[in-house]
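To start, the structure itself, in structure tokens.
Just so you know, all these numbers are worked out from the coordinates, no wet-lab data involved. This structure is a prediction, so every number in the text was calculated from the model and none was measured. Virtual Cβ from ideal backbone geometry, glycine too; neighbours counted across all protein chains shown.
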Amino acid sequence: MLKKLQRSEGEIDLKISDNEIKKFFQKGSSKVLIPNSHNKIKEIVLINTSGGATCNDIIKTNIKIENSKTSITTQAAEKIYAGIGDPAHINVNISIKNSNINWLPKELILFNNAKLKRNINIDLDRSSNLFLCETLIFGRKAMQEKINNLFFLDHWNISINNEIKHFEAININKNIDQTFNNKFSINQNSAFSTVLIFGDIVDQIKDDLKKIIKKITNVSCEISTWNNKIAIRCLANDNYNLKKTLNYILENIIHDKVPKSWYL
């Protein structure tokens, strides 16, 4: 007799206008924390009370932001565990109008035999700025975790006024030795980050940011600028050195707008 396994579902639906919460909906395992802050920028912390995600879990996040300055992060790293069934689903949809947004979730940790489909869709208008930082960890080196098998589909779509400006995808299925050992992809590293920047802020910071990246020596880090956007890729053998590098970049570019919970 087949038994239906318990799974978690979470949903967040937020609207922020003029730095005030206008709509606040949370459901299931997804919660929202709004810490007190002396900064003018609104801080939002997303929480998954189930402690991670596994097969058949569903997490939905919808955020609309207007005329605001907001930093959004997570309370902890999102852990994707092995399980029985279909892949977990994480869907993030963000609409940004006349706002400055820092999307700074903590790292996504993938365990051996994990299954995940994730979609991140962000649409901003031409009067908005977006600073995005996403980190992936393929097994924690400090815990001696190794990844031999994985199903991971990760699609990002970033648009300006509904016109696609950036799209990227990671498609990994089953044995990933070839991906890890390929010097043109991960090159035997276990942690990597992508920083994407869009908006008028690009012209203001690109020269300083290039100087900052040149000073980074403890991890592999490169920067590209084209089509009025900045892309930074960082590769590291473990998350410790990678996090130190990200802190250095954030503190020199967005300064005191780094959320407090980012350091916890």
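For the chain, modelled as a GNM whose springs connect Cα atoms under 10 angstrom apart, the maximal fluctuation among 214, 97, 106 occurs at 214. How much net charge surrounds residue 111 when only the other residues with a Cβ under 12 Å from the Cβ of residue 111 are counted, with Lys and Arg +1 and Asp and Glu -1? Summing Lys/Arg as +1 and Asp/Glu as -1 gives +2. Within the straight-line cut-off of under 19 Å between alpha carbons, the lysines reachable from residue 229 are 97, 165, 206, 210, 211, 214, sequence neighbours fewer than 8 places apart in one chain being disregarded. Please build a GNM for the chain, connecting alpha carbons under 10 Å apart, and tell me which residue among 220, 193, 71 fluctuates the most. Maximum fluctuation in the GNM of the chain, among the listed residues, is at 220. Label sites at residue 11 and residue 77, each approximated as a point 7 angstrom past Cα along Cα to Cβ, lie 3.1 nm apart.
Here the chain is described by how far its Cα atoms reach on the three principal axes: 57, 43, 35 Å, from widest to narrowest.
When the alpha carbon coordinates of segment 57-157 are projected onto the principal axes, the ranges are 44, 29, 19 Å, largest first.
For the chain, the mean residue ellipticity at 222 nm estimated from helices alone is -4000 deg cm²/dmol, where every DSSP H run of n ≥ 4 contributes -39500 (n - 2.57) and the total is divided by all residues, rounded to the nearest 500.
Listing 95, 127 from fewest to most neighbouring C-beta atoms within 10 Å gives 127, 95. Taking 170, 96, 109 in turn, the Gaussian network model of the chain (Cα-Cα springs below 10 Å) assigns the largest fluctuation to 170. Sorting 50-56, 251-257 by their mean Cβ neighbour count within 10 Å, with the most densely packed peptide first, gives 50-56, 251-257.
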